[in-house]
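The values are calculated or read from the model by the stated rules, or taken from the named source; none is laboratory data. Being a predicted model, the structure only gives us computed values, none of them experimental. Don't worry about glycine lacking a Cβ; one is built from the backbone with ideal geometry, like all the others, and counts go over all protein chains shown.
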Number of protein chains: 2
Amino acid sequence: MSANKKAVVLLSGGLDSATVLAIARERGFELHALSFDYGQRHRVELKAAHRIAQSFGAKHSVISFDLRQFGGSALTGDIDVPKNRPQDQISEGIPITYVPARNTIFLSFALGVAETTGSFDIFVGVNALDYSGYPDCRGEFIKAFESLANVATKAGVEGQRFTIHAPLIEMTKAQIIREGARLGVAYSMTTSCYDPSPEGRACGRCDSCQLRRKGFAEAGVGDPTSYQ
Amino acid sequence: MSANKKAVVLLSGGLDSATVLAIARERGFELHALSFDYGQRHRVELKAAHRIAQSFGAKHSVISFDLRQFGGSALTGDIDVPKNRPQDQISEGIPITYVPARNTIFLSFALGVAETTGSFDIFVGVNALDYSGYPDCRGEFIKAFESLANVATKAGVEGQRFTIHAPLIEMTKAQIIREGARLGVAYSMTTSCYDPSPEGRACGRCDSCQLRRKGFAEAGVGDPTSYQ
């Protein structure tokens, strides 16, 4: 692989995508991180994303649009983010924090940026274990998007081949954290909470905070998060 | 089909998508038209889209984001829109008016809106004949997106089936115009020009204007367009 092969990396500001950015860097890619300002209630993650991108020397772009106008999710709408749910409930069914077509929309923009900038590798931090309920976090979805990418684009039609990398897809949260720790990810910069305080402190009780806490504990890595 | 089955219809304000809206109405769907303000130089089409949606009694939403930040197309960037090209050149290769991943992005938003509103039918006015150069106007692309839609969504996973309708895909411009005329489309409301004057008058010379003119002539339908 040439030293300046480029990759577009979806970066939310959370733990998973920060780890993916580190993995893409280790694989020798020149990094273009992409974040979305879509009306999420946890917008503090955009600042986190910017700090993380800077720490990796990655180019960083933010694309803005508003998914709130359509409602239907606890992450963008007026529905409350569930708190203190037991682990078996977290893993069950499709959570109300599911945002319809969100990863499809994110990957579509990533594809546009990738084609425009001559990148043929797109990295995304989806994970099928902890959030088995999100349909757009499964390997089947990633494969379908990759097929689409290669018929949707000029580059694909002209014989280039887009690859969608989802390196975390089969990893547990603890495995992800251990991999990130090995690669020097500054997890103190990342934010996972679905419902942070106005100052950006994690609630510690939403599904995402609970999975993060458990992950650090199981990985045997100190959790640098400042919980409320 | 029940009278209130819902469809999401991509509506650009052009001739093709206005015809598709009429086709979806004829098939008995309750219509939700979706347009995009993406930094296109021919933004006048958004006003046209609104008028067309109103004329069909359709709900109309506009989603805004900016594709200009990535460049790479004559429709959004500083590249000049080509004028007065001979017909054989128009049909050849991928035009510089191609916007990377545009239809993928548009359909992704349509999918999000469809899932949120309980619509399982999405209509899009792509056409493979006049613009054979656009990779994301081919049947292969539509099929790949339909496959994606059914693994990407909660509704798809739960056994609902999304259908992407592209009723114009094999039609000539003249056939489209005849079909629209039959269905009462007010083509005077539509705009096709890639490079209209500030007042919204069509240039008459870009590829899109040329195809439109030729289409009306071949259809034997009067062209209501006011060219510069």
From the list B:Ile177, B:Ile142, exactly one residue is touching a Phe, Trp or Tyr at 6+ places or on another chain (Cβ under 7 Å), under 27 Å from B:His50 (Cα atoms), assigned to a helix (DSSP H, G or I) and among the hydrophobic types (A, V, I, L, M, F, W, C). Which is it? B:Ile177
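How many residues are in contact (Cβ under 8 Å) with a residue 24 or more places away in the chain, facing chain A (nearest Cβ under 9 Å) and over 15 Å from A:Ala155 (Cα atoms) when one looks only at the range B:139-148? Please lay out each step first, then the result.
Here is the first cut: in the range B:139-148, the ones in contact (Cβ under 8 Å) with a residue 24 or more places away in the chain are B:139, B:141-142, B:145.
From what is left, the residues that are facing chain A (nearest Cβ under 9 Å) are B:141, B:145.
Then drop every residue that is not over 15 Å from A:Ala155 (Cα atoms), which leaves B:145.
Selection size over the range B:139-148: 1.
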Any residue in the range A:201-215 that is within 15 Å of A:Met189 (Cα to Cα) sitting within a Cβ distance under 6 Å of a residue that is surrounded by fewer than 19 Cβ atoms within 10 Å (Cβ to Cβ) and charged (D, E, K, R)? List the pairs, counting only those 6 or more apart or interchain. none
Could you please give the count of residues in the range B:170-213 that are modelled with pLDDT under 90 and among the small types (Gly, Ala, Ser)? 4
Looking across the range B:109-138 at residues that are facing chain A (nearest Cβ under 7 Å) and among the hydrophobic types (A, V, I, L, M, F, W, C), the single one that is nearest to A:Ala144 (Cα to Cα) is B:Leu111
Count, please, the residues in the range A:172-186 that happen to be buried (at least 19 other Cβ atoms within 10 Å of the Cβ) and closer than 30 Å to B:Leu148 by Cβ. 4
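If we keep just the residues of the range B:12-30 that are among the hydrophobic types (A, V, I, L, M, F, W, C) and part of a helix (DSSP H, G or I), which is modelled with the lowest pLDDT? Even if it seems obvious, please write down each step before you answer.
Looking only at the range B:12-30, we keep the residues that are among the hydrophobic types (A, V, I, L, M, F, W, C), and these are B:15, B:18, B:20-24, B:29.
The next check asks that each one be part of a helix (DSSP H, G or I); those that pass are B:15, B:18, B:20-24.
On the way: B:Leu15: 94, B:Ala18: 97, B:Val20: 98, B:Leu21: 98, B:Ala22: 98, B:Ile23: 98, B:Ala24: 98.
In this case the residue turns out to be B:Leu15.
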Restricting attention to the range A:200-221, does a residue exist that is part of a helix (DSSP H, G or I), of a type in the set (Asp, Glu), surrounded by fewer than 17 Cβ atoms within 10 Å (Cβ to Cβ) and on the phi < 0 side of the Ramachandran plot? yes
Which residues, taken from the range B:149-158, are at the interface with another protein chain (Cβ under 7 Å from one of its Cβ atoms) and in a helix (DSSP H, G or I)? B:Val151, B:Ala152, B:Lys154, B:Gly156, B:Val157
Of everything in the range A:156-171, what is surrounded by fewer than 22 Cβ atoms within 10 Å (Cβ to Cβ) and either touching a Ser or Thr at 6+ places or on another chain (Cβ under 9 Å) or of a type in the set (A, V, I, L, M, F, W, C) (or both)? Give them in sequence order. A:Val157, A:Gln160, A:Pro167, A:Ile169, A:Met171
Pairs only if they're at least six apart or on different chains, beta carbon under 8 angstrom, first in the range B:34-53 and among the basic types (Lys, Arg), second buried (at least 19 other Cβ atoms within 10 Å of the Cβ) and not in a helix (DSSP H, G or I); list them, first residue then second. B:Arg41/B:Leu75; B:Arg41/B:Thr76; B:Arg41/B:Val81; B:Arg41/B:Tyr194; B:Arg41/B:Asp195; B:Lys47/B:Gly13
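Restricting attention to the range B:187-194, does a residue exist that is touching a strand residue (DSSP E or B) at 6+ places or on another chain (Cβ under 6 Å) and crowded, with 18+ Cβ neighbours inside 10 Å? Spell out the reasoning first.
Residues of the range B:187-194 that are touching a strand residue (DSSP E or B) at 6+ places or on another chain (Cβ under 6 Å), as a first pass: B:193-194.
Applying the additional criterion that residues be crowded, with 18+ Cβ neighbours inside 10 Å yields B:193-194.
Yes, the conditions are met somewhere in the range B:187-194.
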Condition check: at pLDDT below 95, hydrophobic (A, V, I, L, M, F, W, C) and closer than 23 Å to A:Asn103 by Cα. Does B:Val81 satisfy that? no
Inside the range A:18-36, can you point out the residues that are loosely packed, with under 15 Cβ neighbours inside 10 Å and either in contact with a strand residue (DSSP E or B) (Cβ under 7 Å, 6 or more places away or on another chain) or among the basic types (Lys, Arg) (or both)? A:Arg27
Residue satisfying condition, being at pLDDT 90 or above, facing another protein chain (nearest Cβ under 10 Å) and not in a helix (DSSP H, G or I), within set A:Ser61, A:Ser35: A:Ser61
